[in-house]
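For reference, the structure discussed in these notes is given below.
The values are calculated or read from the model by the stated rules, or taken from the named source; none is laboratory data. Given the structure is predicted, the values throughout are model-derived calculations rather than measurements. Cβ: placed from backbone, ideal geometry, glycine included. Neighbour counts: every protein chain shown. Keep in mind that these areas ignore ligands, DNA and RNA; they rest on the heavy atoms of the full protein, side chains included. Shrake-Rupley method; radii C 1.70, N 1.55, O 1.52, S 1.80 Å.
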Amino acid sequence: MPEDRFGDLGQPSAGERLADLDRTDPEKPSPQPRREPGRSYMWVVGVAGVIVIVIAGINSLGNAGGGSHGPQIGKPIPRFAAPSAAGDLKGDPNVKQSKDDSGAPNKTPACDVHLPGALRSCDYTAKPLVVTFIVPGAKDCEAFVDKLERLRTRYPKVNFLTVVSGASEDRVKSLAADHHWTFPVAVDRNLAVFNTYRISLCATSVFASRGGIVRSTKVEAQRYTDAQLNAAIRAIERR
């Protein structure tokens, strides 16, 4: 019996799941990692429209993508539903934006997903929001999320959410536990959310004001000084 999906939640069938975009175990193209000497961040290799990340103790991969600087400023953050690292749900993310979104073949929009263990972006936009994308294995990116974990108590009026892309649910669950991350962590195993947000480098943080309106995106956010990071958070906190 194929692994459960998350695409059409709310329907009575037991086989319906969070994202029915692909087969249970789709054949993946052979990854083509490329080391970039002297670089401390991770790039993403685009292959036939599907991006696959392989972490093998390196922090650099080649990038062949197009727009890669985050979602559009002044627009709502793209919606998604994905397994939470705090739960036992498994499957690919749902990135269907609305019922009229013809770019995703599943029927249920992401924010209409109702399933225990599903993390929905819409549940975090009542407050200003910082969404940070990382891939596992990039130590400076993981350290940046550690910094956010320490910093978040200063900003009780701001939500913090991390998306870990290109890794299985079990690996992300272990990563979150090892680092003692207490804010929500989403599992983006097939990079659907990563691609929807037009991310290219680890770590990337998207800063959104109340209502989920994108105000800024910082690529390689680990390069922010403490003062710059605090300023970016305060800027959305005031809106």
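A few points about this structure:
- Positions within segment 208-224 being crowded, with 21+ Cβ neighbours inside 10 Å and in a loop (DSSP other than H, G, I, E, B), in sequence order: Gly212
- Residues of segment 225-239 that are surrounded by 15 or more Cβ atoms within 10 Å (Cβ to Cβ) and either touching a strand residue (DSSP E or B) at 6+ places or on another chain (Cβ under 6 Å) or farther than 19 Å from Glu149 by Cβ (or both): Ala232, Ile236.
- Flag for Thr132 being β-branched (Val, Ile, Thr) and either assigned to a strand (DSSP E or B) or surrounded by fewer than 18 Cβ atoms within 10 Å (Cβ to Cβ) (or both): yes
- Only one of the numbered conditions (1) touching a residue at least 12 places away in the same chain (Cβ under 8 Å); (2) over 19 Å from Pro156 (Cβ atoms) is violated by Gly211, and that is (2).
- Test: residue in segment 190-207 that is of a type in the set (Ser, Thr, Tyr), buried (at least 19 other Cβ atoms within 10 Å of the Cβ) and modelled with pLDDT under 95: yes
Quick grid of which residues meet (1) over 21 Å from Ala143 (Cα atoms); (2) of a type in the set (Ser, Thr, Tyr); (3) in contact with an Asp or Glu (Cβ under 6 Å, 6 or more places away or on another chain):
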| site | (1), (2), (3) |
| --- | --- |
| Ala167 | no, no, no |
| Leu175 | no, no, no |
| Val185 | no, no, no |
| Thr204 | no, yes, no |
| Ala208 | yes, no, no |
| Lys218 | no, no, no |
| Tyr224 | no, yes, no |
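- Search result, residues across segment 149-167 that are open to solvent by less than 50 Å² (accessible area, probe 1.4 Å) and of a type in the set (Ser, Thr, Tyr): Tyr155, Thr162, Ser165
- Flag for Ala126 being assigned to a loop (DSSP other than H, G, I, E, B), modelled with pLDDT of 95 or more and surrounded by fewer than 19 Cβ atoms within 10 Å (Cβ to Cβ): yes
- From the options Asp170, Asp140, Asp146, Asp178, residue that is open to solvent by 20 Å² or more (accessible area, probe 1.4 Å), farther than 17 Å from Ile77 by Cα, touching a Ser or Thr at 6+ places or on another chain (Cβ under 6 Å) and outside any loop (DSSP other than H, G, I, E, B): Asp140
- Boolean, Phe160 is in contact with a strand residue (DSSP E or B) (Cβ under 9 Å, 6 or more places away or on another chain), part of a helix (DSSP H, G or I), closer than 21 Å to Arg223 by Cα and at pLDDT 95 or above: no
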